[in-house]
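See below for the structure under consideration.
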Amino acid sequence: PIALREGVFEATRAIIDAQERTGVKVVPVLFDFHILNSIRQEGGALTGEHPEFFTEEGRKSLVEIFRPWMQEYASQFELIDLFNEPENVSPEPDAKVLYNPDVLLFLGSFADLAHQYNGSITVGINKPENVYRYQEIIQPELGDVYSVHFYGVSPGRLPNAGELGVGNAPVRITEIGAKSQGDVIAFMQEAWEKGYTGISFWPQDGFTYE
């Protein structure tokens, strides 16, 4: 790609308009781990496996492609989620791209870009034991927030936010599966009591009411 399509800007403006009308805060997600997790079929299109974006040259080029978007919109969102579950990347062996250092360098480049335009960022971290890995990416003093996902966990079993290895930095639960409406209520109360700054639900564990 050499530039973002105009439709990306139109869609973003529509999201910001919706935020302003409803008061509901939206967290846009820029990349998903499938960008570096083999080719797969989505609808009628093949997607995924772009190791070229994670080389030094590719990373710098992609940052410049996103610069106009960040310049216009970064400060208009409370948070921008740079990457959903980067720990789940699984590039082909001949890609010569690794989670560490290449994916972390990619995240750092986009975090720097967002910060240049007064944006605050997060990263959707797949497991609580991985939160500490992102201390060079997340900068709470710039409004950044840690995000963590929980699946297969029951109410009463969440760790305290202060036990995740990032001190008193703000941590949100941005994906958690609930098996019932009662679990939704219980998780909300537990998240508050254990120091998380927010919670969002995902229906992966079978309950779709949320």
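The values are calculated or read from the model by the stated rules, or taken from the named source; none is laboratory data. Model, not experiment: these values are computed from the prediction. In this analysis, Cβ positions are derived from the backbone assuming ideal geometry, glycine residues included, and neighbour counts consider all displayed protein chains. We work out accessible area using only protein heavy atoms, side chains counted, and drop any ligands, DNA or RNA first. Shrake-Rupley method; radii C 1.70, N 1.55, O 1.52, S 1.80 Å.
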Tabulated pairs, segment 51-78, first more than 30 Å from Glu20 (Cα to Cα), second of a type in the set (A, V, I, L, M) and assigned to a helix (DSSP H, G or I), C-beta under 6 angstrom, 6+ apart or interchain
Pro51/Ala95; Phe53/Leu62
Of all residues in segment 175-210 being modelled with pLDDT of 95 or more and of a type in the set (Ser, Thr, Tyr), which is nearest to Lys25 (Cα to Cα)?
Thr197
Can you find a residue that is without any contact (Cβ under 8 Å) to a residue 40 or more places away in the chain and charged (D, E, K, R) anywhere in segment 162-172?
yes
Inside segment 85-118, can you point out the residues that are over 13 Å from Gln139 (Cβ atoms) and small (Gly, Ala, Ser)?
Ser90, Ala95, Ser109
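Test Asp94 against the stated conditions and say whether it is assigned to a helix (DSSP H, G or I) and under 22 Å from Asn37 (Cα atoms).
When the stated conditions are applied, Asp94 passes them.
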Just to verify a result, which residue in segment 21-30, among those that are surrounded by 10 or more Cβ atoms within 10 Å (Cβ to Cβ) and outside any loop (DSSP other than H, G, I, E, B), is nearest to the chain's Cα centre (by Cα)?
Val29
Subset of segment 103-130 [open to solvent by 10 Å² or more (accessible area, probe 1.4 Å) and under 15 Å from Phe31 (Cα atoms)]:
Leu104, Leu105, Gly108, Ser109, Asn126
Select from segment 36-82 the residues that are touching a helix residue (DSSP H, G or I) at 6+ places or on another chain (Cβ under 6 Å) and closer than 27 Å to Pro170 by Cβ and write down the one among them that is most open to solvent (accessible area, probe 1.4 Å).
Gln76
Could you say whether any residue in segment 98-107 is in contact with a strand residue (DSSP E or B) (Cβ under 7 Å, 6 or more places away or on another chain) and under 26 Å from Ile176 (Cα atoms)?
yes
Among the residues in segment 129-139, are any touching a Phe, Trp or Tyr at 6+ places or on another chain (Cβ under 7 Å) and more than 22 Å from Thr55 (Cα to Cα)?
yes
The residue that is nearest to Asp81 (Cα to Cα), considering only those in segment 175-193 that are open to solvent by less than 50 Å² (accessible area, probe 1.4 Å) and of a type outside the set (A, V, I, L, M, F, W, C), is Glu175
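Let's see how each residue does on (1) assigned to a loop (DSSP other than H, G, I, E, B); (2) crowded, with 16+ Cβ neighbours inside 10 Å; (3) in contact with a Pro (Cβ under 6 Å, 6 or more places away or on another chain):
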| position | (1), (2), (3) |
| --- | --- |
| Tyr132 | no, no, no |
| His149 | no, yes, no |
| Ser154 | yes, no, no |
| Leu158 | yes, yes, no |
| Ala169 | yes, yes, yes |
